[in-house]
Structure formats: C-alpha cells, structure tokens
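The values are calculated or read from the model by the stated rules, or taken from the named source; none is laboratory data. On a predicted model such as this, the values are computed, not experimentally measured, just so you know. Here the Cβ positions follow ideal geometry from the backbone for every residue, glycine too, while neighbour counts run over all protein chains shown. What goes into the accessible areas is simple: the full protein's heavy atoms, side chains included, and nothing from ligands, DNA or RNA. Shrake-Rupley method; radii C 1.70, N 1.55, O 1.52, S 1.80 Å.
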Amino acid sequence: GAMVGSQRCELRCGPVVRLRAPPSLEAGRYRVPIDAVTPVSHMIAGRTRPVTSPSTATVLRCAGDLLQRLALSTGRMHVVSVACETSADRVVIGGHVGAVAGWIGRIVVECNAPAAWALSLARHAGLGGRVAYGLGRVRVEVQRA
C-alpha cells in the first residue's frame, strides 16, 4: 500500500517499458499536429503568466526542454509557425501546487526536421510543465510538409 495525502491506498504499476529514441528525420519541412489529451501548461516571465496560445518561441522552448529532460540532442531547431485551435483551461491539483492554467485543443507546428523530431518525443514524455502531475499528455503526428 501507499499513502496519498492522508489516505492509504493500493498502488499498481504497469510493466517497465524501455523507450527508444525515434529514428532521425530526413532534412526538410514538417507539419506537426499536437492534440492535448490533458491540459498543457506553459508559463513565461518567471512562471507568472500562463500561455494559452503557444507561439513559435513557446514551442521552441518546449522542444529544447524535452531534449534536456531526456538527455538527447539534435540539430539546430527552427519553428516557422504555430497555428492554434486552443482554449484556456485550469486544473486544480491541490496541495502546494494549487491550480494550474494551461491550454486544451490542437496546435499545428510548421518546422524543420530537428524540431519535428524533438516534438515527437512529447508522445511519451509529455509537453510543457507539470507533466509529473498528469498534465501535458499529447498525441503527436509528424507529417512531411
């Protein structure tokens, strides 16, 4: 058993699965639709303002964070555009975390191969902040533009 807050509960985990980095992509331009399964949280200006419509800078920062979190590297990343069909959402996590603002919906990223490859890692590692709390679970497709 495990303690969650002040309650005792049974914790069950699935089998351990070793993830492998996806093969690198051929040079060129890619279209990467990303659908939020759970709200995605990005904060800017020292975690003071939530982002509900990600920009090219937000997506580049996320791609870099993914690489850093997974100790991987790729070539120079470039994001041409980010089309957003998003809306604001807020999740109450509770405890010291409180409520977290984010976005739900879809973004479509136009980018080069290194950025598309880095964003594909979000399938397993999540996108944005607070992924340890279940936020930032996404579906990612990588399409040749």
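General observations
- Between the listed residues VAL131, ILE93, CYS9, the Cα displaced farthest toward the positive end of the dipole of the chain, a dipole computed from Cβ unit charges relative to the Cα centre, is found at CYS9.
- 222 nm mean residue ellipticity, helices alone, for the chain (DSSP H n ≥ 4; -39,500 (n - 2.57); rounded to 500): -5000 deg cm²/dmol
- Size of charge dipole - the chain - debye, nearest 20, with Cβ of Lys, Arg +1 and Asp, Glu -1, no other charges: 240
- Cα-based helix-to-principal-axis angle, 56-69 vs the chain, degrees rounded to 10: 60
- Protection proxy ranking, highest mean first, for peptides 99-108, 5-14: 99-108, 5-14, where packing is the per-residue count of other beta-carbon atoms within 10 Å, averaged.
- For the set TYR30, TYR133, solvent exposure ranked by accessible area (probe 1.4 Å, protein chains only) runs largest to smallest as TYR133, TYR30.
- Structure-derived Rg/Rh (Cα atoms, Kirkwood Rh): which label, when the choices are (1) 1.03; (2) 1.05; (3) 1.01: (3)
- Here the peptides 109-116, 91-98, 60-67 are ranked by packing, the mean other Cβ count within 10 Å, and the order with the highest first is 109-116, 60-67, 91-98.
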